[in-house]
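The structure under discussion appears below in the form of structure tokens.
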Amino acid sequence: MSYKVLIIVADGLGDRAVPQLGGKTPLEVAKKPNIDRLAAMGITGLWDPIAPGIRPGSDTAHLSLFGINPIGNYPGRGPFEALGAGAELSPGDIALRGNFATVNEDLVVLDRRAGRYLPENRVLADYLNKHIGEVDGVKVEFYPATEHRLAVVLRGKGLSPKVSDTDPHKVGVKVLESRPLVNTEEARRTAEIINKITKLTYELLKGHEVNKERVKRGLPPANIVLLRGAGSLISYPKIYEREFFRVDRAVAISATAMIKGICKLLGFEVVTPKGATGGVDTNVNSKFEAALKYLEKGYDLIYVHIKGTDSASHDKRPDLKIAMIEKIDRALEELLRSIDMKGVVLVFTGDHTTPIVVGDHTGDPVPLLIYAPNIIPDDVKFFSERSVRFGGLGRIRGSDLINIVMDLANKSVKFGA
């Protein structure tokens with residue numbers, strides 16, 4: 001018989017030794033009896049989302065998680081963000097990922113995320129849609145996404161994704177000018193349009209009532225849109241079209257636009273349950289309740305994405321990351337009580353490592369545990385970056401993980417006679 005597969009990913013879960021925690025990691029400090037119990041019941045190890053030492057984005061890590069090698073096969077992050085935010089992309093469209101950010105009058109970046117939590121996101125995106133609309137004959141569409149994020153889609157003829165970012169990826173420096181990355185008229189034109197859009201967002205947003213109110217409350221104004229990750233739509237094999245395993249129905253449970261976009265592109269149904277926010281305030285219980293519902297409906301693959309661990313890491317907040325891990329663990333207790341463990345392969349891991357001391361993704365491997373019926377457990381009883389080095393899975397690379405999981409679920413297809 002085959003088993004259902006439940007994959008739970010805590011975004012940016014992996015970490016390095018944190019001085020404030022006495023050289024321990026958040027996973028080592030957090031109280032997480034249910035995750036540890038799963039580790040004791042299953043088999044553990046490390047996973048390199050791309051390859052050892054390669055720093056993955058959340059997008060490339062997720063492609064790899066679902067069996068797509070992103071090296072030489074990556075369109076840029078923009079299309080994923082746009083799809084997840086609700087855009088319908090056509091061939092020739094250029095999609096970019098954007099941040100509402102804070103700059104001064106000289107366009108020096110003060111905060112790349114405008115305080116990160118931006119409940120006015122949709123209001124500001126709608127305002128930009130109303131007042132920009134078109135630049136140089138190209139239609140410009142803004143789609144609000146998670147927290148401070150949005151997607152921007154350019155629709156028109158003679159466009160190219162081969163352009164650089166306006167986001168400098170750090171504070172204290174001026175907003176960049178987009179430049180063509182190839183010597184073509186299409187790339188030059190697209191870069192010029194992006195630069196015009198960037199200036200227009202500043203002119204429109206700097207005096208907006210939302211930002212006046214934010215300043216009064218001591219919050220950073222969301223007074224510009226920084227753009228990055230330009231790309232065009234690309235086609236990948238659907239999750240139900242794979243050569244080495246068989247999946248009929250798959251669902252992804254997430255509130256993060258980029259993750260939703262990737263999963264939608266790969267043929268998952270995409271669900272955002274009530275209370276799921278994509279931040280540290282997300283309702284993890286609602287995500288696990290949704291997972292249980294789809295297990296009961298007989299779906300082959302249920303994927304649950306939890307973003308808050310990564311947000312805490314980017315903000316260099318070990319306290320928040322510990323709290324987020326503990327929140328996941330408490331919600332996991334009810335899930336484990338409700339599911340038939342004899343019929344499920346359960347995976348718990350991260351999509352990449354985001355160390356508190358760095359505040360960004362690194363190429364460190366990610367701790368991984370897999371429980372499956374009749375699996376031979378290893379001797380690891382405590383789940384952390386340090387302990388799983390001694391686990392029975394060893395160190396797994398890239399898109400091999402999904403094949404291992406599907407084989408344990410008896411969903412693999414024999415290769416050869």
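The values are calculated or read from the model by the stated rules, or taken from the named source; none is laboratory data. For clarity, every value in this text was computed on a predicted model and none was experimentally measured. Note that each Cβ is placed from the backbone with ideal geometry, even for glycine, and that neighbours are counted across all protein chains shown. All accessible areas refer to the heavy atoms of the entire protein, side chains included, with ligands and DNA or RNA removed. Shrake-Rupley method; radii C 1.70, N 1.55, O 1.52, S 1.80 Å.
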(request) Of the numbered conditions (1) closer than 18 Å to L265 by Cα; (2) outside any strand (DSSP E or B); (3) modelled with pLDDT of 95 or more, L128 fails exactly one; give the number of that condition. (result) (1)
(request) Tell me, yes or no, whether segment 71-82 has at least one residue that is surrounded by fewer than 23 Cβ atoms within 10 Å (Cβ to Cβ) and at pLDDT 95 or above. (result) no
(request) Filter segment 41-56 down to residues that are surrounded by fewer than 20 Cβ atoms within 10 Å (Cβ to Cβ) and of a type outside the set (V, I, T), then give me how many there are. (result) 5
(message) Please determine whether any residue of segment 281-293 is under 14 Å from the mean Cα position of the chain (by Cα), closer than 22 Å to T25 by Cβ and either among the hydrophobic types (A, V, I, L, M, F, W, C) or open to solvent by 30 Å² or more (accessible area, probe 1.4 Å) (or both).
(response) no
(message) If K238 satisfies all but one of (1) open to solvent by 30 Å² or more (accessible area, probe 1.4 Å); (2) closer than 30 Å to G158 by Cβ, what's the number of the condition it fails?
(response) (2)
(request) Could you tell me which numbered condition E81 fails, if it satisfies all but one of (1) out of contact with any helix residue (DSSP H, G or I) (no Cβ under 6 Å at 6 or more places or on another chain); (2) in contact (Cβ under 8 Å) with a residue 40 or more places away in the chain? (result) (1)
(request) Evaluate segment 329-345: report whether one residue or more is open to solvent by 20 Å² or more (accessible area, probe 1.4 Å), in a loop (DSSP other than H, G, I, E, B), modelled with pLDDT of 95 or more and of a type in the set (K, R). (result) no
(message) Among the numbered criteria (1) under 28 Å from the mean Cα position of the chain (by Cα); (2) at positive phi, which one does G137 miss?
(response) (1)
(request) Considering each residue of segment 275-292, count those that are of a type in the set (D, E, K, R) and at pLDDT below 95, and give that number. (result) 1
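Which residues, taken from segment 223-270, are among the hydroxyl-bearing types (S, T, Y) and either within 17 Å of the chain's Cα centre (by Cα) or within 19 Å of G84 (Cα to Cα) (or both)?
Within segment 223-270, S232, S235, Y236, S254, T256 qualify.
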(request) Tell me, yes or no, whether segment 7-14 has at least one residue that is open to solvent by 10 Å² or more (accessible area, probe 1.4 Å) and either of a type outside the set (S, T, N, Q) or touching a helix residue (DSSP H, G or I) at 6+ places or on another chain (Cβ under 8 Å) (or both). (result) no
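Report the residue count in segment 387-417 for those that are on the phi > 0 side of the Ramachandran plot, part of a loop (DSSP other than H, G, I, E, B) and surrounded by fewer than 19 Cβ atoms within 10 Å (Cβ to Cβ). Steps first, answer last, please.
Applying the first criterion (on the phi > 0 side of the Ramachandran plot) to segment 387-417 yields 394, 398, 410, 416.
Now restrict to residues that are part of a loop (DSSP other than H, G, I, E, B): 398, 410, 416.
Now restrict to residues that are surrounded by fewer than 19 Cβ atoms within 10 Å (Cβ to Cβ): 410, 416.
Counting residues in segment 387-417 that are on the phi > 0 side of the Ramachandran plot, part of a loop (DSSP other than H, G, I, E, B) and surrounded by fewer than 19 Cβ atoms within 10 Å (Cβ to Cβ) gives 2.
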(request) Sort out which residues of segment 391-417 are of a type in the set (V, I, T) and out of contact with any strand residue (DSSP E or B) (no Cβ under 7 Å at 6 or more places or on another chain), and write them in order of number. (result) I402
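Criterion first (closer than 10 Å to L13 by Cα, in contact (Cβ under 8 Å) with a residue 12 or more places away in the chain, not in a helix (DSSP H, G or I) and not hydrophobic (A, V, I, L, M, F, W, C)) does D351 satisfy it?
For D351, the condition - closer than 10 Å to L13 by Cα, in contact (Cβ under 8 Å) with a residue 12 or more places away in the chain, not in a helix (DSSP H, G or I) and not hydrophobic (A, V, I, L, M, F, W, C) - is met.
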(request) Find the strands (runs of 3 or more DSSP E) located wholly in segment 19-116 whose residues include 1 or more that are more than 24 Å from A151 (Cα to Cα), and list them. (result) 43-48
(message) Give all pairs with beta carbons closer than 8 Å in which a residue from segment 332-344 that is over 13 Å from L38 (Cβ atoms) meets a residue that is among the hydroxyl-bearing types (S, T, Y); count only pairs at least 6 apart in sequence or on separate chains.
(response) G343/Y3
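Out of V29, V18, which single residue is open to solvent by less than 20 Å² (accessible area, probe 1.4 Å) and at pLDDT 95 or above?
Going through V29, V18 in turn, just one is open to solvent by less than 20 Å² (accessible area, probe 1.4 Å) and at pLDDT 95 or above: V18.
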(request) Please tell me if D136 is open to solvent by 20 Å² or more (accessible area, probe 1.4 Å) and not polar (S, T, N, Q). (result) yes
